[in-house]
Amino acid sequence: GDSVTQMEGPVTLSEEAFLTINCTYTATGYPSLFWYVQYPGEGLQLLLKATKADDKGSNKGFEATYRKETTSFHLEKGSVQVSDSAVYFCALSALNTGRRALTFGSGTRLQVQP
Amino acid sequence: EAGVAQSPRYKIIEKRQSVAFWCNPISGHATLYWYQQILGQGPKLLIQFQNNGVVDDSQLPKDRFSAERLKGVDSTLKIQPAKLEDSAVYLCASSLEEKLFFGSGTQLSVL
């Protein structure tokens, strides 16, 4: 079945540091890939997405590129802020199977220190 | 626009008791999902509705969990009887196309 594997956290960085959170996936066909973010006390929110190979999703300074050859969708940001502290979830959606439901990774907690 | 509404926000019950959660999706969203998020894990799909029909309930423990979506709008998820391992946040989400919108969830503690 479909699955998503994320690097374990927590990831602790200083403000303005470079961020990478690794994500790899297993799926049949050609899934769409997503990053969701969960800020403290809030619900899950879509951060960015990519729907086909080599697409780059971007939002709020975060970027991720759909790499079919390595089945990866790593999240990056050049300079993190304290306000980026949250839990980040990588997910996929296998639309080609008719199921729009998301399969999530286990999440990576990011802590940014001033 | 209004988001996905869920209630209650918190629920504490003893094992073997019953509990129900309610979800009101975003108006016009045909697809509704219930996810279970155990502490430290990612959300896991329990059931997916398209209007008032079930699309996928393969991961729903049907011996104790049930869900319905009356008239293709609101939905309820019930657990009867609850077990300790059901302690989790229960998330409802709705979608129009590919983008899912999540509610804030119901945090269930089974003692």
Unique residue being crowded, with 17+ Cβ neighbours inside 10 Å and in contact (Cβ under 8 Å) with a residue 24 or more places away in the chain when the list is B:Gly103, B:Gly42: B:Gly103
Just to be sure, is A:Thr20 under 15 Å from the mean Cα position of the chain (by Cα), more than 29 Å from B:Trp34 (Cα to Cα), modelled with pLDDT of 95 or more and among the β-branched types (Val, Ile, Thr)? yes
Residues being surrounded by 14 or more Cβ atoms within 10 Å (Cβ to Cβ), within 22 Å of B:Ala30 (Cα to Cα) and in contact (Cβ under 8 Å) with a residue 24 or more places away in the chain - total across segment A:47-96: 5
Could you tell me which residue of segment B:53-86 is nearest to the other protein chains (Cβ to nearest Cβ), considering only residues that are surrounded by 18 or more Cβ atoms within 10 Å (Cβ to Cβ) and part of a loop (DSSP other than H, G, I, E, B)? B:Leu60
Kindly state which strands (runs of 3 or more DSSP E) lie completely within segment A:1-98 and contain at least 2 residues that are within 12 Å of chain B (Cβ to nearest Cβ) and under 28 Å from B:Gln48 (Cα atoms). A:3-6, A:32-38, A:44-50, A:86-93
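The rows are residues; the columns are (1) at pLDDT 95 or above; (2) within 15 Å of the chain's Cα centre (by Cα).
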{"site": "B:Asn24", "(1), (2)": "yes, yes"}
{"site": "B:His29", "(1), (2)": "no, no"}
{"site": "B:Tyr35", "(1), (2)": "yes, yes"}
{"site": "B:Gly40", "(1), (2)": "no, no"}
{"site": "B:Leu45", "(1), (2)": "no, yes"}
{"site": "B:Gln50", "(1), (2)": "no, yes"}
{"site": "B:Val54", "(1), (2)": "no, yes"}
{"site": "B:Val89", "(1), (2)": "yes, yes"}
I'd like to check which strands (runs of 3 or more DSSP E) are fully inside segment B:1-45 and have at least 1 residues that are more than 13 Å from chain A (Cβ to nearest Cβ) and closer than 23 Å to B:Ala82 by Cα. B:5-7, B:10-13, B:19-24
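The values are calculated or read from the model by the stated rules, or taken from the named source; none is laboratory data. Because the structure is predicted, anything quoted here is derived from the model rather than measured. Note that each Cβ is placed from the backbone with ideal geometry, even for glycine, and that neighbours are counted across all protein chains shown.
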